Amino acid sequence: GAVVSQHPSRVICKSGTSVKIECRSLDFQATTMFWYRQFPKQSLMLMATSNEGSKATYEQGVEKDKFLINHASLTLSTLTVTSAHPEDSSFYICSARVGADYEQYFGPGTRLTVT
Amino acid sequence: KQEVTQIPAALSVPEGENLVLNCSFTDSAIYNLQWFRQDPGKGLTSLLLIQSSQREQTSGRLNASLDKSSGRSTLYIAASQPGDSATYLCAVSGAGSYQLTFGKGTKLSVIP
């Protein structure tokens, strides 16, 4: 089946620093990747939609200059949290869509803690 | 704006019991509906995907139904096991869009 990986699985950083999270589709080419954020006991909230070779589309309320998304290839998308603050601490999950199949395959998530 | 509601928020059942999880959505113009499982601190595992033209899907002990016109879906788990303990999430994608809108999930505990 379609496998999506994320790296790192956990990261702790100091306030003011930047953190990069990678999302890879391991056995398929993903035309579209999605980035979600999940706060404790809350559901997943879509942050942005990323299409290979084009700029990401951000959801309302998500700062594009703070959450930089790059989708340089059909198997890799990165999310960079710039100048991280404690309120950015959350669980970040990516997913990938396979071609015309609207099913999304999810990565294992990245736990970000900003101290 | 699509809203997805899952009831109950938490459920505790003894092992072996059959159970039903409920999901409702406000906009019936959906492309598909997915049920996911999420273990604590982990990502999502897709359980079942129902296209808007389908009424139900089955996988092993799981059966998901979809009534698009009434904006409802149910996930039926037969003969529950302690390993089924997890949070179950329902998500819908809008017609013409591949974006998923998630419910808050139902946390299931199966007691041995």
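Some notes on this structure:
- A simple spin-label model places the labels of A:LYS66 and B:SER69 4.5 nm from each other, with each point 7 Å out along Cα-to-Cβ.
- Sparse-neighbour loop sites [trypsin sites (Lys or Arg not before Pro); segment A:17-115; at most 11 other C-beta within 10 Å; DSSP]: A:LYS41
- Straight-line cross-link partners of B:LYS107 among the aspartates and glutamates, defined as a Cα under 18 Å from its Cα and at least 8 positions apart when in the same chain: B:GLU15, B:GLU17, B:ASP39, B:ASP84.
- When cysteine pairs in chain A are screened for C-beta atoms closer than 4.7 angstrom, the residues that find no partner are A:CYS13.
- Residue of A:GLY16, A:GLY61, A:GLY53 that the Gaussian network model of chain A assigns the largest fluctuation, springs spanning Cα pairs under 10 Å: A:GLY61
- Here, chain B is characterised by an Rg to Rh ratio of 0.96, where Rg is the alpha-carbon radius of gyration and Rh the Kirkwood radius.
- Rg over Rh [alpha-carbon atoms, Kirkwood Rh] for the protein assembly as shown: 0.97
- Over all distinct Cα-Cα pairs of segment B:54-105, the Kirkwood formula returns a hydrodynamic radius of 12.6 Å.
- Neighbour-count order for B:LEU89, A:LEU26, B:LEU62, fewest beta carbons within 10 angstrom listed first: A:LEU26, B:LEU62, B:LEU89
- Value of Rg/Rh across chain A [Cα atoms, Kirkwood radius]: 0.95
- Of all lysines in the structure, those lying under 28 Å Cα to Cα from B:LYS104, and not within fewer than 8 positions of it along the same chain, are A:LYS20, A:LYS41, A:LYS64, A:LYS66, B:LYS1, B:LYS42, B:LYS68.
Computed from the coordinates by the stated procedures, all read-outs in this text should not be read as laboratory data. What you see is a predicted model, and the numbers here were worked out from it, not measured in a lab. In this analysis, Cβ positions are derived from the backbone assuming ideal geometry, glycine residues included, and neighbour counts consider all displayed protein chains.
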